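Only one structure is covered here, and it is reproduced in the block below.
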Amino acid sequence: MRFTSALPIGVWLIVAANASLVEEKLHDLPQLATDVTNVTSALDALAGDTVFDAFHINDTKSNLPTNASSSLDDIGSVSGNASNSTIFKSLSNSQALCDRVNNMDCSGDDMQNAGKMAHHQACCDACKALQGCRAWTWDWKRTGLCYLKSGCNNPRAGADGVDSGYGGPAPSPPAPPVPPPSPPAPSPVQVQVISYNLYWWCVSDEYGNCPQFANGRGFNMLYDTIKRNGPVDLIGFQECDNVAQVLGGSSMAPGFSSYAAPGDAPMAWNSQKFFKIGGPGQVWVAHDQYGNRFMNWVRLQVQGSSQTVFFANSHGPLNGCGPDLGNRYLAGVNANKQPGDIVILTGDFNCGSNTAAIKTMASVLQNDATGASYAGADHIFSSRGVQVQWQGHVNGAPSDHGLLKAVLGLPREISAFAEPETVGMEAVMHEAGDAGQVVYV
């Protein structure tokens, strides 16, 4: 069946009526699928066949009034696109990328001009093929150009001859960048610490009542014990009358400095690892039948770093292990250390771990190591936060005390250390020249 240049009046009325219906329905987007079906059915009836040839309408519209000719343009467009079953399938689902929205322009968000397209599905397919494309706009009426877009954030309805689609699965977000590995925590400064009561009066056979150690035999045994338990960086001696002699006999003299304070508790430090920045000094802590008891101290700095250490050593009193003694030790530390100093305190305190004096000190400082001699009289304390990498005690013969040792890791971050508190004690300093400072608390 073929159209001629003129139509019977009845056919013309059918065409005009259906064209008007299509024009009205195209403005009602939610009913698009239903109306397109109605229009197609009407056009099929008009054509008398199941296939409607848009060319016949173009051949006929020159004989129609202007408004009917315009309506047939819309019919041709709708009919041609309605012949693609994809739009019907996509409309049955939620909004998908290829769901065509008529007379809507996705303004902006442009990615690419994909060129001329024959129908909206081709435009949508081009969008699918472009990474990041989330919307498309097809100017089918004027240019036929297809515009691919990253989204439809500014939709404009009523755009004649322009259809758009948007949606589809959201693009996978880019994988977050892999953060660079955290720099390793600075390794702690390792310090090896010894506390050792030398039993001097017997080892030296000072009074002739320890003949087994006479003629230097006791000292040779003592030096050998120290050598066998090296290396060492800080060493606190008790019952030591000549620290220079001990350092020399133990082959430590060339690399060690010392403080031979009044009393019997000298101390020494590795001068290849530390240099002195404060003190030395002496703090009175008690008095017993043998006289005054002191805590000796020096401030040191680790060479090549800003790490500072408050190193102290003591030989404590007999029969006086109350909390007041512990408070005097803490007061002496607090009166002489500086902010940021790490405290290391060695000694034969003549007080076991369960005494009030040691418990008071351990409430502020760490009790890193305790010996087995005399109910645990020997201790090594440090600031809280210091790592105890190893600790132990060995037979200290010829001494009557074991040799107590701890390997400590001093963190390079020093802000975390608790400051020892004076617990209400007052400290008064007295200058003592090169012998250090004597502080009575």
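The values are calculated or read from the model by the stated rules, or taken from the named source; none is laboratory data. Since this is a predicted model, take the numbers as computed values, not measurements. No Cβ is skipped: glycine too gets one built from the backbone with ideal geometry, and neighbour counts run over all protein chains shown. Side chains included, ligands, DNA and RNA excluded: accessible areas come from the protein's heavy atoms. Shrake-Rupley method; radii C 1.70, N 1.55, O 1.52, S 1.80 Å.
From the list K128, K116, pick out the single residue that is closer than 13 Å to L97 by Cα, open to solvent by 80 Å² or more (accessible area, probe 1.4 Å) and not aliphatic (A, V, I, L, M). Working first, answer last.
Values: K116 fails: closer than 13 Å to L97 by Cα.
Unique residue meeting the criteria: K128.
Does the stretch 199-206 include one or more residues that are over 20 Å from S314 (Cα atoms), at pLDDT below 95, open to solvent by 20 Å² or more (accessible area, probe 1.4 Å) and outside any helix (DSSP H, G or I)?
yes
So, in the stretch 309-352, exactly how many residues are among the hydrophobic types (A, V, I, L, M, F, W, C), outside any helix (DSSP H, G or I) and over 23 Å from A406 (Cβ atoms)?
So the answer is 1.
Please state which of the following conditions Q387 fails to meet, knowing it meets all the rest: (1) out of contact with any Leu (no Cβ under 8 Å at 6 or more places or on another chain); (2) among the polar types (S, T, N, Q); (3) surrounded by fewer than 21 Cβ atoms within 10 Å (Cβ to Cβ); (4) within 29 Å of R412 (Cβ to Cβ).
Unmet for Q387, out of (1) out of contact with any Leu (no Cβ under 8 Å at 6 or more places or on another chain); (2) among the polar types (S, T, N, Q); (3) surrounded by fewer than 21 Cβ atoms within 10 Å (Cβ to Cβ); (4) within 29 Å of R412 (Cβ to Cβ): (1).
If you check every pair at least six apart or on different chains, which have Cβ atoms under 8 Å apart with a residue in the stretch 160-185 that is over 24 Å from T137 (Cα atoms) first and a residue that is modelled with pLDDT under 65 and surrounded by 10 or more Cβ atoms within 10 Å (Cβ to Cβ) second?
Going by the 8 Å Cβ cut-off, there are no qualifying pairs.
Just checking, which of W297, W284 is in contact (Cβ under 8 Å) with a residue 12 or more places away in the chain and open to solvent by less than 30 Å² (accessible area, probe 1.4 Å)? Even if it seems obvious, please write down each step before you answer.
Details: W284 fails: open to solvent by less than 30 Å² (accessible area, probe 1.4 Å).
Just one listed residue meets the conditions, W297.
Within the stretch 233-242, how many residues turn out to be in contact with a strand residue (DSSP E or B) (Cβ under 7 Å, 6 or more places away or on another chain) and surrounded by 21 or more Cβ atoms within 10 Å (Cβ to Cβ)?
6
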